[in-house]
Amino acid sequence: MELMEHPSDQLAISVLQTINLLSSIVTLIERNFEGSHSRFVSEKSAAIAEVMGFSETEIFEIKTAGLLHDIGKIGFKDSILLKYPNEMNKSEFTKYSMHPTIGMNILKEYFAFENVAEIVYQHHERIDGSGFPRHLQMNSIHPGAKIIAVVDTFHNMVFKSSRDKLDSVTSTIKFTSATAYIDSTKDRYAAAINFLTQKSGTLFDKDVVEKFIDLIYIERKNLGKRSVMRILVDKVEPGMIFAESYFTSYGLLIASKGEKIEASMIKHLKRLAESGDIPEKILVMK
């Protein structure tokens with residue numbers, strides 16, 4: 001007689017499968033970014049939550065909310081997705097401002113995502129009440145939403161691409177050194193950090209901004225010490241960083257340049273290499 005999995009194990013597996021499915025759908029709307037926007041927001045938001053002393057459950061919820069925060073944009077036209085909010089006309093902004101509510105309504109249908117849905121709903125709120133959809137202020141905003149607000153803003157400012165950039169050769173550039181990668185983003189990086197610093201305490205939570213800037217500064221400093229090399233997928237190790245982006249044959253983003261390789265990714269990368277979806281050797285920073 002076969003042993004059945006414990007119900008709690010089955011539930012955990014179901015939750016993770018649902019998250020993976022939904023996150024795969026979200027990546028389809030990220031063609032306007034250099035790299036994976038949702039994975040960046042997810043990873044960095046979780047790292048900040050950990051530094052700030054959140055519980056394991058809270059960190060998991062924030063990480064999941066970061067991964068799914070833009071799920072409400074499913075079906076949005078490129079005319080909206082390719083613009084920053086200040087570039088949209090009134091009709092476009094009205095549509096855009098609905099995505100947190102749409103996202104919440106999608107996620108709240110699954111009982112395990114109650115808190116995740118609320119974080120997604122609030123990720124465009126600002127502590128001075130100027131955000132949307134409910135114009136919440138200060139402590140009325142979920143702590144996880146305050147974190148995602150900072151990371152989301154940073155990644156939008158540094159890695160969001162215009163239509164012209166999407167159509168250009170530079171969007172597929174391969175970096176031959178870690179310094180080249182850092183140099184390619186230094187101006188936008190500086191502008192984003194300056195903006196977050198200036199708006200700390202008005203739009204964004206001061207503690208979150210401080211923790212995020214510390215985190216990004218250390219990461220970029222350590223990145224400059226790495227070497228770029230092309231290695232067999234079988235030799236890939238956790239902690240390495242992708243030096244170019246990889247897509248499936250049907251255009252789904254697998255990995256984005258600048259993204260850290262997690263242990264959970266390696267088995268998937270090996271399967272993709274075996275099937276021919278990615279090369280047997282990939283470009284990484286080590």
So is Ile62 among the hydrophobic types (A, V, I, L, M, F, W, C) and out of contact with any Gly (no Cβ under 7 Å at 6 or more places or on another chain) or not? no
For the stretch 90-103, indicate whether the set of residues that are within 13 Å of the chain's Cα centre (by Cα) and of a type in the set (A, V, I, L, M, F, W, C) is non-empty. no
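Among the residues that make up the stretch 273-282, is at least one of them over 18 Å from the mean Cα position of the chain (by Cα), hydroxyl-bearing (Ser, Thr, Tyr) and not assigned by TED's automatic domain parsing to the domain that holds Ile25? Lay out the reasoning, then the answer.
Initial filter on the stretch 273-282 (over 18 Å from the mean Cα position of the chain (by Cα)): 273-282.
With hydroxyl-bearing (Ser, Thr, Tyr) added as a condition, the list becomes 275.
From the residues that got through so far, the ones that are not assigned by TED's automatic domain parsing to the domain that holds Ile25 too are 275.
Yes, because at least one residue in the stretch 273-282 is over 18 Å from the mean Cα position of the chain (by Cα), hydroxyl-bearing (Ser, Thr, Tyr) and not assigned by TED's automatic domain parsing to the domain that holds Ile25.
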Exception for Glu2 within (1) surrounded by 16 or more Cβ atoms within 10 Å (Cβ to Cβ); (2) at pLDDT below 80; (3) acidic (Asp, Glu) falls at (1)
Residue under question is Val150, and the condition is that it be surrounded by 15 or more Cβ atoms within 10 Å (Cβ to Cβ), assigned by TED's automatic domain parsing to the domain that holds Ser38, assigned to a helix (DSSP H, G or I) and in contact with a strand residue (DSSP E or B) (Cβ under 6 Å, 6 or more places away or on another chain); does it hold? yes
Give, as residue ranges, the helices (runs of 4 or more DSSP H) completely inside the stretch 162-281 that count at least 3 residues that are modelled with pLDDT under 75, surrounded by fewer than 16 Cβ atoms within 10 Å (Cβ to Cβ) and of a type in the set (D, E, K, R). 163-166
Complete set of residues in the stretch 52-89 that are of a type in the set (A, V, I, L, M) and either surrounded by fewer than 13 Cβ atoms within 10 Å (Cβ to Cβ) or part of a loop (DSSP other than H, G, I, E, B) (or both): Met52, Ile74, Leu82, Met88
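The values are calculated or read from the model by the stated rules, or taken from the named source; none is laboratory data. As the structure is a prediction and not an experimental result, all values here were calculated from the model. So basically every Cβ, Gly included, is an ideal-geometry build from the backbone, and we count neighbours across all protein chains shown.
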